[in-house]
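Take a look at the structure set out below.
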Amino acid sequence: MSANGQTKAPANQYTEKIGVGEKIAYGGGDLASNLILVLTSTFVTFFYTDALGLNPAIIGTIMMLSRVFDGFTDIFMGFVMDQVKSKHGKARCWLLWLAIPIALAMVLVFLVPNIGETGKYIYVAITYNLVTTFLYTMINIPYGALTSLMTRDQDQRTVINIFRMFMAQVGSLIINAFTLPFINAVGGSTQQMSWIIVSVIYGVVAAALFFACFAMTKERVQISSRQKESIPLGESFRLVIQNNYWLIIVGIWVFTALGMGMGMGMSVGTYYAKYILGDENLSGFLSAISLIPVLACMPLVAPLSKKFGKRNVALVGSIISIVGQAAMLISPHSFSWLIVCNVIKGVGQAALTGTLFAMVADTIEYGQWKTGKRVEGMLYSSTTFGAKIGAGVGMAIALAILGSAGYDGMAAVQTQAALSAIENLYLLAPLVFLIAMPILYWFYKLDKIYPQVMKDLEERERSGKL
């Protein structure tokens, strides 16, 4: 109690220092997520078309519908998370409950039985949705929201996010660089058993990392009894829409996801490497090369963000990414030149990935300051709603274009129309969405008012008004 009898908010909600071990454990959760997500959302299209011989347009349609449905399950999961009362907290408990189920489900994706063409499509739709639409959503939404529950210290959130994204990029590097060579080493990319073996190994590692994340992290942010009251779903939507800075972040995620789905992701990159560069293994190498500058530059994001603001760092990063993508057009068939371009893009990507999730967490505090109510689950899940729909639509369009151009994964030689489609998707499509990024960042002003937001929230908590 303070001298005037009012309850004082715990000081460590704003200034606590979190140990390196806890930050690494939290980052390990995103490494686990990437082991599952990258394998089941990028390489899996190559598996479906070139190992099973399935039609890319049909697969693209299944994925688009799954992603749209996945976006809605994100929102519902955010609402569910906000209602949960567990001895392990609001977010950590889901890591404990779902680590093993999601690892098992990932293996099922690649255990497609020989039950006829129609049966295979039905199996693909069921297992793909089980992993991405349900289990991944149920574990990743709480995991992402955990950042806002570990601390309210803006600088600590930035550092936590950097650990998270550094570990995530390590996961992406491992998968992108070694998955196809690993698969080829144990039987070849056209052999289903090779994919099953790799999925089992990745599943075991992912489950272990999720368990470590649960055991070694802590939810420190104490929510008042008023904030713990259940908020109806309709009111939660209203609170989310009122958050203008959250809307900007959603836009950024949607354009990022569209760019990844249309051309920047491994789904198209693998086809480009196989049919344009002449070696499918080069796709993983190019992606890995782009991740090296991300890992190298990520430690610089925290001090730069503290000095210049997260928005300014991200804005510059988005411009650098545009330069890297546009430079590919100079010599698109030169593998060495594509390495240079991917390094440039990687520098820009470090700024984007090193700030984005911390900015999402900041919009949670802003929303509480603006509306008087805190809905971290809904805010985080609604953000990923836009990203998943963007990714699904982008991937579906890309695969539909390949299908309409006559792409056949079982054919020894592709048509010229299919080759042209692959080139345009990889080189030109991402530019459209990258150009939109700095425009959106320009309107994000939360960094300037965040100190006042936190000061007002602290005063409200001390006075019992929150």
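Our summary gives the chain a relative contact order of 28 percent, counting only alpha carbon pairs under 8 angstrom and 6 or more residues apart. Toward the positive end of the charge dipole of the chain, with +1 on the Cβ of Lys and Arg and -1 on the Cβ of Asp and Glu, the farthest Cα among A185, F134, P113 is that of F134.
Which shape class applies to region 138-182: rounded if a/c is under 1.5, otherwise prolate when a/b exceeds b/c and oblate if not, where a ≥ b ≥ c are the square roots of the Cα gyration tensor eigenvalues? Display every interim value, and only then the final one.
Values: a/c = 6.65, a/b = 2.05, b/c = 3.24.
Cα axes put region 138-182 in the oblate bin.
In the chain, a dipole from Cβ-located charges (positive for Lys and Arg, negative for Asp and Glu) runs towards its positive end, and of I162, A57, L286 it is I162 whose Cα lies farthest in that direction. Taking the dipole about the Cα centre of region 384-466, with the C-beta of Lys and Arg at +1 and of Asp and Glu at -1, give me whichever of M395, M410, T384 is farthest to the positive side. Of the listed residues, the answer is T384. Membrane-span-like helices in the chain, defined purely by DSSP H runs whose alpha carbon atoms cover 15 Å or more axially and whose average Kyte-Doolittle hydropathy reaches 1.6, are 92-110, 192-216, 244-259, 429-442.
Counting only protein heavy atoms and using a 1.4 Å probe, what share of the accessible area of the chain belongs to carbon plus sulfur, as a whole percent?
Numbers: 12050 of 17420 Å².
Using a 1.4 Å probe with all protein chains present, the chain comes out at 69 percent carbon and sulfur.
Note on A412 and Q83: the extension gain reaches 113.1 nm, defined as 0.36 nm multiplied by sequence separation minus the Cα-Cα distance. In summary, the lysines within cross-link reach of K85, defined as a Cα separation below 19 angstrom excluding same-chain residues under 8 places away, comprise K218, K228, K373.
Taking a probe of 1.4 Å, how large is the accessible area per residue of the chain, in Å²?
Details: 17420 Å² over 466 residues.
Per-residue accessible area for the chain comes out at 37 Å².
Ignoring lysines fewer than eight residues from K310 along the same chain, the ones with Cα atoms less than 17 angstrom from its Cα are K445, K448.
Can you tell me which of 408-419, 151-162, 125-136 comes out highest on packing, and rank the rest after it, using the mean Cβ neighbours within 10 Å?
151-162, 125-136, 408-419
In this Cβ point-charge picture (+1 for Lys and Arg, -1 for Asp and Glu), region 248-403 has a dipole of about 480 debye about its Cα centre.
Mind putting a number on the dipole of the chain about its Cα centre? Charges go on the C-beta only, +1 for Lys and Arg and -1 for Asp and Glu, and I need it in Debye to the nearest 20. Display every interim value, and only then the final one.
Values: 33 positive and 25 negative charges, 323 e Å.
I would put it at about 1560 debye.
Once the Cα-Cα distance is subtracted from the 0.36 nm per residue extended length, the Q452 to F308 segment shows a gain of 50.1 nm. Dipole check for region 5-151: with +1 at the C-beta of Lys and Arg, -1 at the C-beta of Asp and Glu, and the Cα centre as origin, the magnitude is about 540 Debye.
If you add up the charges near G394, with Lys and Arg at +1 and Asp and Glu at -1, over every other residue whose beta carbon is less than 13 angstrom from its beta carbon, what do you get? Spell out each step's value before the answer.
Values: positive: R67, K388; negative: none.
For residues surrounding G394, the net value is +2.
The values are calculated or read from the model by the stated rules, or taken from the named source; none is laboratory data. All values derive from a computational prediction rather than experimental measurement. Every residue, glycine among them, receives a Cβ derived from its backbone with ideal geometry; neighbour counts consider all protein chains shown. All accessible areas refer to the heavy atoms of the entire protein, side chains included, with ligands and DNA or RNA removed. Shrake-Rupley method; radii C 1.70, N 1.55, O 1.52, S 1.80 Å.
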